[in-house]
């Protein structure tokens, strides 16, 4: 049977590119039959990556069959995975997030979880000397993943090793890192064609704090004004998304990549309290700027209080 390799729902660049990279490795180096698949439409930056490197968009799946062999990358959270994930034959997990719990396997498996900024960085390490065999297009995808997850090394999740791997890939591809990152971020920032609900769900994760269920959404952009001009309609759409997705509240953080800060939309007293208790912010009006906040994984999720 074909091994399906996939990341989390609402696939970002890492959850689009890393399955492609690992499926290549399984097929071409390990001699196994593998396919990269997605659990939803890729975001704008991930779509840019596929187009820029002339890579076909992986097939989108809604669930997995009982006993189907799978490799999970860029998550270990059942809430971000297909509903039937625990009936599948999970063969490996490659991730860089904290362990959540809840996954069940048919037997012992390979698990690699490392404190690096990007799943693709881990994969490059695991592939080892065979990195020399990786086609340029897939090297380009790996580079895009690392630059995305590190926000071109601005994110506090960035390690020296992530930077070194990215710079080596860029050198192999004869690319200027800053110029290429600017192309990526321009693609990520073009959100004009998306509805408010699509923006809210584009890069979001569910997280519970003391019994309150949140959808924590992050929009990383070099043009925050374009998003913030839609504050009123986004706030209204948060109510609909919360109801439809079965959460108590959406938290929407607009991350300004260049100024290295986040703006949290504050539509009600619950979010005002979250901002004040979690980040020590003084809130006046319908939004609050949080200087230096760039990372959901390292700065937002661990600090959330209600």
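We did not get these values from a lab; they are worked out from the coordinates using the rules stated. The structure presented is a predicted model; accordingly, all values stated were derived computationally and were not measured. Quick reminder, even Gly has a Cβ in these numbers, built from the backbone with ideal geometry, and neighbours come from all protein chains shown.
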TODO: Rounded to the nearest 0.05, what FRET efficiency do residue 213 and residue 87 give with R0 = 22 Å and r taken as the Cβ-Cβ distance? Could you check?
DONE: 0.35
Task: Size-normalised alpha-carbon gyration radius of segment 247-306, reference 2.2 N^0.38 Å - done: 1.02
- [ ] For residue 194 and residue 226, compute 0.36 nm times the residue count separating them, minus their Cα-Cα distance, and round to one decimal in nm.
- [x] 10.3 nm
Open item on the list: Helix 136-150 against the longest principal axis of the chain: what's the angle in degrees, Cα atoms only, rounded to the nearest 10?
Closed with: 30
Open item on the list: Per-residue counts of other Cβ atoms within 10 Å, averaged by peptide: what ranking do you get for 177-185, 75-83, highest first?
Closed with: 75-83, 177-185
- [ ] Beta carbons within 10 angstrom, averaged per residue: use that to sort the peptides 119-128, 85-94, 8-17, highest first.
- [x] 8-17, 119-128, 85-94
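Quick one: of the DSSP bridges fully inside segment 196-303, what percent are antiparallel, nearest 5?
Around 65 percent antiparallel, to the nearest 5.
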Open item on the list: Report the gain in length on full extension from residue 111 to residue 28: 0.36 nm times residue separation, minus Cα-Cα distance, nm rounded to one decimal.
Closed with: 27.8 nm
Open item on the list: Can you tell me the orientation of helix 13-28 relative to the chain, as the angle in degrees between its alpha-carbon axis and the longest Cα principal axis, to the nearest 10?
Closed with: 10
Open item on the list: Within a 10 angstrom radius of the beta carbon, how do 148, 242, 237 rank from fewest other beta carbons to most?
Closed with: 242, 237, 148
Open item on the list: Between residue 63 and residue 160, what is the label-point separation in nm under the 7 Å Cα-to-beta-carbon projection?
Closed with: 4.9
Task: Point-to-point label distance, residue 178-residue 52, nm (Cα→Cβ direction, 7 Å offset) - done: 1.6
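Pulled fully out, how much extra length does the chain show between residue 186 and residue 1, if you take 0.36 nm times their separation in residues and subtract their Cα-Cα distance?
That works out to 62.6 nm of additional length.
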Open item on the list: Just to confirm the number: angle between the C-alpha axis of helix 160-172 and the first principal axis of the chain, 0 to 90 degrees, nearest 10?
Closed with: 60
- [ ] Take every DSSP beta bridge with both residues inside the chain and express the antiparallel ones as a percent of the total, to the nearest 5.
- [x] 40
Open item on the list: Suppose we take every Cα in the chain and form the convex hull; what volume per residue is that in Å³?
Closed with: 124
TODO: Output the antiparallel fraction of DSSP beta bridges having both residues in segment 74-221, as a percent to the nearest 5.
DONE: 60
TODO: Could you check which residue among 20, 109, 134 shows the biggest mean-square fluctuation in a GNM of the chain with a 10 Å Cα cutoff?
DONE: 109
